[in-house]
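Below: one structure, written as structure tokens.
The values are calculated or read from the model by the stated rules, or taken from the named source; none is laboratory data. For clarity, every value in this text was computed on a predicted model and none was experimentally measured. In this analysis, Cβ positions are derived from the backbone assuming ideal geometry, glycine residues included, and neighbour counts consider all displayed protein chains. Just so you know, the surface numbers come from the protein's heavy atoms only, side chains and all, with ligands and any DNA or RNA stripped out. Shrake-Rupley method; radii C 1.70, N 1.55, O 1.52, S 1.80 Å.
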Amino acid sequence: MIKIKLEGCNSFVKPGEYAAYMKKAFDAFDVLRDENGAGNDFLGWKALPSETPESLISDCEAIRDAWKAKGVDLVVVIGIGGSYLGAKCAVEALSHAFVRPAGRPQVVFAGNNLSEEYLAELMDLAKMRNTAVIVISKSGTTTEPAVAFRIFKEYIEQTYGKAEAAERIVAITDAKKGALKTLSTQEGYKTFVVPDNVGGRFSVLTPVGLLPIAVAGFDIRAMLKGAAEEREALLVKSEDNAAIRYAAMRNLLHTEGGKAVEILVTYNPKLTYLAEWWKQLYGESEGKDGKGIFPASVANTADLHSMGQFIQEGSRVMFETVVSVGKSQREVVIGSDAQNLDQLNYLAGQHVEHCNAMAQLGTQLAHIDGGVPQMEVAIEKIDEANLGAIFYFFEFACGISAYVLGVNPFNQPGVEAYKKNMFALLRKPGYEAQTEAILKRI
Ligand code: PA5
């Protein structure tokens with residue numbers, strides 16, 4: 001279960017403000033629970049933990065097993081934004097940082113950039129391996145994954161033959177429409193559906209996240225169970241509801257305290273992509289109509305040696321939300337040294353994680369002294385259940401928070417602007433007028 005601590009904000013809040021913002025968050029909770037707010041046709045994510053059918057889970061596991069039987073040792077997951085970050089986050093968090101266990105494929109990601117070098121180097125890897133592909137696009141028309149998929153489709157067909165390609169390519173897309181759906185039907189690919197009523201950034205507990213996570217060898221049943229338990233807790237309207245409290249405090253700090261930036265702080269490299277996933281969730285959900293808290297992140301303690309100076313003493317525009325982890329699953333104890341030239345014997349016998357915890361606490365206290373309010377979101381350990389819980393927590397809190405802010409959390413009209421210019425510059429048919437206009441500007 002997610003725990004939230006707000007004590008690190010106390011000195012920044014005036015009497016009565018927190019109660020006033022809890023009232024706003026309770027009202028927003030009602031809107032989200034009763035599904036009568038803006039964007040309420042995109043609330044399918046709310047029920048996913050408890051309503052995901054067994055058949056979908058076992059279909060994901062069947063792909064995992066079929067590819068294992070073929071000896072697949074590289075799975076290229078093609079997607080961008082919400083069709084990429086949840087799976088990437090889970091795979092990074094749950095995998096051994098350096099060693100791939102025998103029998104598990106390496107899961108890598110493509111289609112999230114347009115770098116030629118990235119694709120060429122990934123193709124170098126594919127050529128050394130036994131490769132399969134998962135292509136994910138809800139719309140089925142997004143340029144970055146479409147380009148990567150065209151290249152990998154050709155490679156898979158040339159390497160394994162057309163019939164075998166249909167066994168090694170799985171598509172996750174809309175149930176009926178879009179180029180990827182049409183292509184998958186024509187080529188006979190196994191397909192999974194992104195539900196109509198779930199937006200990309202809320203889709204980690206659909207096949208968009210579940211299939212890559214299962215194929216990587218992780219327990220999606222435990223992840224859904226963790227999310228379901230968190231859902232039960234968050235559906236209770238109370239002063240203790242962690243999502244209501246988080247939504248209330250971040251809006252208070254923003255609106256009353258003038259804080260424009262929220263930094264998600266992690267102290268374990270396994271959680272770096274949790275922050276990337278969170279940034280998309282909050283950035284796309286809240287950043288519209290001239291409003292929003294800019295979501296940023298730091299990965300400590302590394303970033304204390306790069307961004308720490310700014311956070312301690314720079315423009316006072318930010319507050320921090322620290323994701324803390326209760327228990328390290330591995331033990332490394334610092335030894336004693338007869339010479340003690342590094343003067344670290346005072347740490348002899350201590351776990352490295354104890355030093356990490358003291359770095360976290362010391363930083364939080366210093367940042368409070370420096371004028372940076374501190375929230376803390378705590379998980380017990382990094383495993384499937386806790387990841388399911390934190391995914392659901394941040395999604396639910398995002399809905400409440402955006403309603404408090406007064407925006408529709410579930411649309412993203414602004415992401416189209418760059419695409420129009422890019423298509424015009426690439427001279428996509430149908431964009432001739434925009435091409436002419438844009439060439440005058442450059
Ligand atoms: O959250 C979102 O809606 C976006 O980030 C999309 O997930 C992203 O643009 C990819 O879209 P699609 O899945 O349609 O290719």
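Be a star and scan region 340-366 for residues whose amide nitrogen sits under 14 Å from the point 7 Å along the Cα-to-Cβ vector of residue 313.
None, by backbone N distance to the label point.
When you count, for each residue, the other Cβ atoms within 10 Å and take the mean per peptide, how do 73-86, 144-157 rank with the highest first?
The most tightly packed comes first, giving 73-86, 144-157.
Can you pull the percent of region 54-179's accessible area that's carbon plus sulfur, 1.4 Å probe, other chains left in place?
54 percent
Lysine pairs in region 316-442 8 or more apart or on different chains: how many have alpha carbons under 23 angstrom apart?
Lysine pairs meeting the criterion: 6.
Computed FRET efficiency, Cβ-Cβ of residue 337 and residue 99, R0 25 Å: what is it to the nearest 0.05?
Step by step, r from the Cβ atoms, then E = 0.35.
For residue 16, what charge total do you get from the other residues with a beta carbon under 14 Å from its beta carbon, if Lys and Arg give +1 and Asp and Glu give -1?
For residues surrounding residue 16, the net value is +1.
Starting from the Cα gyration tensor of region 200-319, take the square roots of the eigenvalues, sort them a ≥ b ≥ c, and report rounded, prolate or oblate (rounded when a/c is under 1.5, otherwise prolate if a/b is larger than b/c, else oblate).
Verdict is oblate for region 200-319.
Under 5 Å between amide hydrogens, which residues at least 5 positions from residue 172 or on another chain qualify, with H placed 1.01 Å from N in the peptide plane?
135, 136, 137, 192
Report the one residue of 379, 406, 354 whose Cα lies farthest in the direction of the positive end of the charge dipole of region 354-442 (charges on C-beta: Lys and Arg +1, Asp and Glu -1; origin at the Cα centre).
Value computed over the given set: 406.
Can you give the charge dipole size of region 284-369 about its Cα centre, rounded to the nearest 20 debye, using +1 on the beta carbon of Lys and Arg and -1 on the beta carbon of Asp and Glu?
160 debye
With everything on Cα atoms, drop me the angle between helix 116-128 and the longest principal axis of the chain, reported from 0 to 90° to the nearest 10.
70 degrees
Quickly work out the residue 361-to-residue 237 label distance, labels modelled 7 Å from Cα along the C-beta direction, and quote it in nm with one decimal.
Between residue 237 and residue 361, the label points sit 3.9 nm apart.
Taking the chain as the reference, fit the longest principal axis to its C-alpha atoms, fit the long axis of helix 272-286 to the helix C-alpha atoms, and give the angle between the two in degrees, 0 to 90, nearest 10.
Rounded to the nearest ten degrees, it is 90.
Enter the angle in degrees (range 0 to 90, nearest 10) between the Cα long axis of helix 416-425 and the first principal axis of the Cα atoms of the chain, meaning the one along which they spread out most.
Approximately 40 degrees, to the nearest 10.
How much of the accessible area of region 1-51, in percent, comes from carbon and sulfur atoms when a 1.4 Å probe is used?
With neighbouring chains kept in place, the figure for region 1-51 is 54 percent.
Show me 419-426, 268-275, 115-122 ranked by packing, highest mean number of other Cβ atoms within 10 Å first.
Packing order, densest peptide first, comes out as 268-275, 419-426, 115-122.
For region 235-242, take each phi angle, set θ = phi - 60°, evaluate the Karplus expression 6.51 cos²θ - 1.76 cosθ + 1.60, and give the result in whole Hz per residue in order, putting x for glycine and proline.
My calculation for region 235-242 gives 7, 8, 7, 8, 4, 8, 5, 5 Hz in order.
Under a 10 Å cutoff between Cα atoms, tell me which one of 313, 230, 416 has the largest fluctuation in the Gaussian network model of the chain.
Its mean-square fluctuation being the largest, the pick is 416.
Just to be sure I understand: with springs between alpha-carbon atoms less than 10 Å apart, which residue in 13, 377, 133 has the highest mean-square fluctuation in the Gaussian network model of the chain?
13
If I take R0 = 25 Å and measure r between the Cβ atoms of residue 411 and residue 187 in this structure, what FRET efficiency does the formula 1/(1 + (r/R0)^6) give, to the nearest 0.05?
0.20
Of the candidates 255, 206, 321, which one comes out as most mobile in a Gaussian network treatment of the chain with C-alpha springs shorter than 10 Å?
255
Simple spin-label model, 7 Å along Cα-to-Cβ: residue 177 to residue 150 in nm?
Distance between label points: 2.3 nm.
Could you tell me the calculated FRET efficiency between residue 421 and residue 54, based on Cβ-Cβ distance and R0 = 45 angstrom, to the nearest 0.05?
The value I calculate is 0.50.
In whole percent, and with a 1.4 Å probe on the protein chains, what portion of the accessible area of region 265-373 is carbon and sulfur?
In region 265-373, the share of accessible area belonging to carbon and sulfur is 54 percent.
Under a Cβ-only charge scheme (Lys and Arg +1, Asp and Glu -1), can you give me the dipole magnitude of the chain about the Cα centre, in debye to the nearest 20?
Roughly 920 debye for the chain.
Quick check on region 253-308: take the gyration tensor over C-alpha atoms, sort the square-rooted eigenvalues as a ≥ b ≥ c, and tell me if it's rounded (a/c under 1.5), prolate or oblate.
oblate
For region 80-89, what does the Karplus curve 6.51 cos²θ - 1.76 cosθ + 1.60, with θ = phi - 60°, yield as ³J(HN,Hα) per residue in whole Hz, taken in order and with x for Gly and Pro?
9, x, x, 8, 8, 5, x, 5, 4, 4
Search the structure for amide H atoms under 5 Å from the amide H of residue 109, placed 1.01 Å from N in the peptide plane, and list their residues when 5 or more places away or on another chain.
77
Using a 1.4 Å probe, what is the accessible area per residue for the chain, in Å²?
46 Å²
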